[in-house]
Amino acid sequence: MHGILILNGPNLNLLGTRQPEVYGRTTLSDIEAMCRAHGERIGVDVSFMQSNHEGALIDAIHEARGERDGLILNAGAYTHTSVALMDAISSAEIPAIELHLSNVHARESFRHTSYIAKVAVGVICGFGARGYTLAMDAMKSHLES
């Protein structure tokens, strides 16, 4: 059974109430439950974490090395600013998928730049909460190929 870390960055703890017109009304707890149920269906062991702190996200990526087979990362705004997260993913040497609830390419121009995409096997954006299970399916397929 493959193990995947689903890692969520800043402000995602406010899902469901923060800008629901952009991010939807699904809470992060709802997404976690959805991912755990989907993991059981597809035979993937899921660990789930959220932090508003860049260093905690980096620590989680480092800890995933050798423990998890893949990483799904919704880094939030850190996507567009964090060379440190990019370097952590490269250092961990596990495949990563960048994930966003909204279509970042249809939003402000600063959101069009991603440091994470440079080291990710793929990017999923614009499908709301459903993007998490799409990313899980994509990661499982990547790990099995």
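Rounded to the nearest 0.05, what FRET efficiency do residue 29 and residue 118 give with R0 = 35 Å and r taken as the Cβ-Cβ distance? Could you check?
So the FRET efficiency works out to roughly 0.70.
Just subtract the alpha-carbon distance of residue 36 and residue 145 from 0.36 nm times their residue separation and send over the number in nm, one decimal.
37.0 nm
With 10 Å bins from zero, work out the P(r) of the chain over every alpha carbon pair and list the percent per bin.
12, 47, 35, 5
For residue 50, what residues show an amide H to amide H distance below 5 Å, using hydrogens built from the backbone and excluding near sequence neighbours?
Result for residue 50 returns 8.
So how do 104, 121 line up by other beta-carbon neighbours within 10 Å, fewest first?
121, 104
Show me the trypsin sites (Lys or Arg not before Pro) within segment 59-125 that DSSP assigns to loop and that have at most 16 other Cβ atoms within 10 Å of their Cβ.
Qualifying residues, ordered by number: 65, 107.
Summing Lys, Arg as +1 and Asp, Glu as -1, what charge do residues with Cβ under 15 Å from the Cβ of residue 53 carry, residue 53 excluded?
-3
Once you put a point 7 Å from the Cα of residue 91 and another 7 Å from the Cα of residue 65, both along the Cβ direction, what distance in nm separates them?
0.7 nm
Quick note: the coordinates plus some simple rules give every number you see, no bench work behind them. Nothing here was measured: the structure is a model prediction, and the numbers come from that model. Positions of Cβ are generated from backbone atoms using ideal geometry, with glycine treated the same way; all protein chains shown enter the neighbour counts.
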